[in-house]
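For reference, the structure is listed below as structure tokens.
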Amino acid sequence: MSRRVFALSACGIAGTASFVSGCSSFGMSDEYEALASQIRQPVALPIKLPVTPLEFEGNAPTSELVRYATLAPSSHNTQCWKFSATETSITLLPDLARRCPAVDPDDHHLFVSLGCATENLVQAALAHGLHADVVFDDIRENIRVELRPTAPRSSALFHAIPLRQVTRGDYDGAAVSAAELDVLQRVGSGPQVRLVLLTGRPALEHVLGQIIGANSRQMADAGFVAELKTWIRFNASDAVLTRDGLFSPTSGNPAIPGWLGRLAFGMLFTPVSENDKIARQIRSSAGIAVFVGLSADKAHWVEVGRCYERFALQATALGIRNAHLNQPVEVPSSRSSLARALGLDGYRPDLVVRFGRGPTMPFSLRRPVSAVMV
């Protein structure tokens, strides 16, 4: 769920007007937009209940459940999951080939991402007439979702799945109503997960200081910067080729040739530029949400992901955007400082998320269902 693409100031690094005008050909291509629309196509409702709980071989509902699960967020959009199926269950497994060891050495974000995908699967299953029971297997470190027939019931959260995005642009600065905050608090909390919502300007400025301090330390880590760079897709052609990673326009940055992006990255992705952007974005937000698991283990990280995904889906249904600013939970020394600042000594803050209203950004891509089934 890490978060950012470098701040390119147009394509002008090349220094000529003719080159700048040529950069437009690397932007939102028709192929990219058609693929993004296809990937996020909502399913037609109502859905007919399957004759048997699940018939996975060539069964359209099965493919739809997995497709909805893959629309979840993941760190750097690595899509760090695999799925296997039996007649009555779907199991989510970590794809360790898609780890981010520099930013996520203990696989915290990886298992949070699996939790997000699990929640999407649960919501989609109910709309398909299947009740989901979720079990984390501590030995195999996977998530088994047992499915049994029930009355189909779609929800606002289900309908929000294709529309949800991590919106990395500026927001409008307007407050979110108390009623909306109450709904977000309820859906984003759980028996094993605490949600702290901060909306006062002094509190936001205090957390901003924590984020900027952590960001500066993180960007001094050459391994972190190199890893992030490998997941950036600087133009539509690169994004369509891999169908993963961080496509520059999804963060409001211009699309440019890959060779130029790789060259420019080191010059323009700087602590000063990033800290300025972070300050602007937090000050344009209505609030910050901090998700805290009651224990620091993989089972609880999955639960944090499920709670965050419900929060994000509910926010989407309310027209509220959100984006991650996880630097303070990714840098261990900053994590303990943030916990103390929030009165959470003894706990590990898991996610830091800003929220507010703002424009929709281009949607990110996903790999096909066939690529994630094992």
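General observations
- Equivalent ellipsoid semi-axes, the chain, via Cα gyration tensor eigenvalues times 5, rooted, Å: 32, 26, 19
- Sorting 201-213, 72-84, 265-277, 283-295 by average packing, meaning the other beta carbons within 10 Å per residue, from highest down gives 72-84, 283-295, 201-213, 265-277.
- Cα lying deepest toward the dipole's positive end in the stretch 91-232, options C116, Q210, H159, charges on Cβ: H159
- The chain: DSSP helices with Cα axial extent of at least 24 Å and average Kyte-Doolittle hydropathy no lower than 0.5: 108-127
- Percentage relative contact order, the chain, counting C-alpha pairs under 8 Å, at least six apart: 26 percent
- Computed magnitude of the charge dipole of the chain (debye, nearest 20; Cβ of K, R +1, Cβ of D, E -1): 600 debye
- Accessible area, probe 1.4 Å, largest first, for residues W259, W231: W259, W231
- Positive end of the dipole of the chain (Cβ unit charges, origin at the Cα centre): among L96, L126, V225, the Cα lying farthest that way belongs to V225.
- Put the Cα centre of the stretch 209-241 next to the Cα centre of the stretch 343-374 and the gap is 15 Å.
- Inter-part distance, the stretch 144-180 to the stretch 275-304, computed on C-alpha centroids, equals 17 Å.
- Size of charge dipole - the stretch 134-190 - debye, nearest 20, with Cβ of Lys, Arg +1 and Asp, Glu -1, no other charges: 280 debye
- The calculated Kirkwood hydrodynamic radius for the stretch 220-282 is 12.5 Å, given to one decimal from all distinct C-alpha pairs.
- Spacing of the modelled spin labels on A203 and R140, each 7 Å from Cα toward Cβ, amounts to 4.1 nm.
- Longest to shortest principal axis, alpha-carbon extents of the stretch 113-196, angstrom: 43, 32, 24
The values are calculated or read from the model by the stated rules, or taken from the named source; none is laboratory data. Everything quoted here is computed from the prediction, not taken from an experiment. Virtual Cβ from ideal backbone geometry, glycine too; neighbours counted across all protein chains shown. Accessible surface areas use protein heavy atoms only, side chains included; no ligands, DNA or RNA. Shrake-Rupley method; radii C 1.70, N 1.55, O 1.52, S 1.80 Å.
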